[in-house]
1. How many of the residues making up the stretch 286-327 are at negative phi, outside any helix (DSSP H, G or I) and either without any contact (Cβ under 8 Å) to a residue 12 or more places away in the chain or not basic (Lys, Arg) (or both)?
2. On the given criteria, is VAL118 of a type in the set (A, V, I, L, M, F, W, C), within 16 Å of the ligand (Cβ to nearest atom), open to solvent by 20 Å² or more (accessible area, probe 1.4 Å) and modelled with pLDDT of 95 or more?
3. Does LYS110 meet the test of being outside any strand (DSSP E or B), more than 9 Å from the ligand (Cβ to nearest atom) and open to solvent by 20 Å² or more (accessible area, probe 1.4 Å)?
4. Looking only at helices (runs of 4 or more DSSP H) that lie completely in the stretch 122-206, which have at least 3 residues being within 16 Å of the ligand (Cβ to nearest atom) and open to solvent by 70 Å² or more (accessible area, probe 1.4 Å)?
5. Looking at THR240, THR263, THR275, can you tell me which residue is within 16 Å of the ligand (Cβ to nearest atom), surrounded by fewer than 19 Cβ atoms within 10 Å (Cβ to Cβ) and in the same structural domain as LYS15 (by TED's automatic domain parsing)?
6. Tell me, which helices (runs of 4 or more DSSP H) wholly within the stretch 1-105 include 1 or more residues that are surrounded by fewer than 17 Cβ atoms within 10 Å (Cβ to Cβ)?
7. Quick one: is ARG403 in the same structural domain as GLU255 (by TED's automatic domain parsing), farther than 24 Å from ARG290 by Cβ, open to solvent by 10 Å² or more (accessible area, probe 1.4 Å) and of a type in the set (Lys, Arg)?
Amino acid sequence: MEQIVVSGGRHLHGKVPISGSKNGTLPLLAAALLVEGETVIENVPDIHDVRTMLEMLEALGVRTEFTAPGVLRIDATDLRSTEAPYHLVRKMRGSFYVAGPLLARTGHAKVPLPGGCVIGARPVDFHIQGFKALGAEVTEKGGIMKARAPRLRGARIYLDPRLRSVGATINIMLAATLADGTTTIESASREPEVVACAEFLRECGANLSGVGSSTLVIRGVERLHGCRFRSIPDRMEAGTFMYATAVAGGEVVLENVRPDHLTSVIETLQAAGVTIGYGDDWIRVQAEGRPEAVDIMTAPYPGFPTDLQPNHGVAASIARGTSIIEETIFDARFNYTDELARMGANIKVVGRAAIVKGVPRLSGAPVEATDIRAGAALVLAGLAAEGRTEINGAEFIDRGYERFVEKLRSLGGEILRCETRGAPCLV
Ligand code: UD1
């Protein structure tokens, strides 16, 4: 168990570079399986989830190599296996993305079902429904999905509009790229990560239209060729640094960002009294004193992202007034509120809503990170709190944030990483 220790009360000042997107890069790594040849992906973040996906690709016989920091060369010409190892799928649900490309390229995929997750039920039934619609025979036995289709056939696929699954949209899009004929995905997700994946596929020779809309049309092609593509900036990391500044106070400029991917977050923070300026690829955040209470409801893009909901929970816990936070995507995404309550927050969770009465300040305490986003939110709570906060489970944060502690330190945060509970801290 690794620990992050924060001494709260310091304002943040300076510039912080935003890394490539975790959720944007993972689909590209899976998509590279479709390509007979070499793909080069730039702006790849050095985070644990990317390393897990690379292990997965290597296990399937794909050659991967970093030729410079953040520049990854992938060669899937000699794909050897169509079986995804369980120990990698259980580490990270995103690795289920290999299913669509394996099926499309080889006609076979044997991928363990990823199972539940601490933020709530996360089935893959929509992914499987899509593979079946494309003509695959799919069985699920012993926790393993086996899919077979000598050749996938284009189809009209209707996803549940109430849930709008990012993962299913991407997996089905990947599979349909090499299918015979045209596939239409209705109620497709419009997240920037879906759009980036579609643009990558286009660069490699796929034929897609309706990209960025809720009706995605994919005309199957014979094969994809190698291409070069730059992964989009991580809007969740950017949002996390924006909220960090909002709760700790100070003035921070985020570099290498896409403000147009963060409209709902910018508007929410402005409503909370935070001053925000931005240009094409930067965002400046200035905050002083307690934020104002703002109600939010998570929603598919362009709505407020569920991954940043815990950060808003931290801001709400020290806001002037009462905020209502509604979570509509994942049913157990309020796990972090028990930990915040240990730091003095006044939060009551009723079903899918949290009622947060702002208190003047939080106080440091030992707390437990239970997932990537909850972990980051607890670090933010530590920055805003009085005294020392110990966040156990730092390895969750490493899954999705590149050099999180170092970046916050460079902004003046008093934050350290400890190797194990009770052991001396590493700087
Ligand atoms: C992705 C992101 C995650 C983000 C989420 C929602 C990655 C690696 N992860 O997760 O950070 O929080 O989008 O924006 O990109 N569902 C089903 N059946 C399915 C698939 C999904 O019922 O087959 C449900 C889920 O339980 C959830 C909702 O649909 O309630 C949305 O999930 P989905 O968009 O698929 O999330 P992920 O792609 O897993």
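The values are calculated or read from the model by the stated rules, or taken from the named source; none is laboratory data. Values in this document were obtained by computation on a predicted structure and should not be read as measured data. Note that each Cβ is placed from the backbone with ideal geometry, even for glycine, and that neighbours are counted across all protein chains shown. Quick note on the areas: whole protein, heavy atoms, side chains included, nothing else; ligands and nucleic acids left out. Shrake-Rupley method; radii C 1.70, N 1.55, O 1.52, S 1.80 Å.
1. Count: 26.
2. no
3. So LYS110 does not fit the description; no.
4. Where helices (runs of 4 or more DSSP H) fall fully within the stretch 122-206 and carry at least 3 residues being within 16 Å of the ligand (Cβ to nearest atom) and open to solvent by 70 Å² or more (accessible area, probe 1.4 Å), they are 125-133.
5. THR263
6. In the stretch 1-105, 48-59, 86-89 are the helices (runs of 4 or more DSSP H) which contain 1 or more residues that are surrounded by fewer than 17 Cβ atoms within 10 Å (Cβ to Cβ).
7. So ARG403 fits the description; yes.
Each row is one residue, and each column tells you yes or no for (1) among the charged types (D, E, K, R); (2) in contact with a helix residue (DSSP H, G or I) (Cβ under 6 Å, 6 or more places away or on another chain).
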residue	(1), (2)
ASP331	yes, no
PHE334	no, no
LEU340	no, yes
MET343	no, yes
LYS357	yes, no
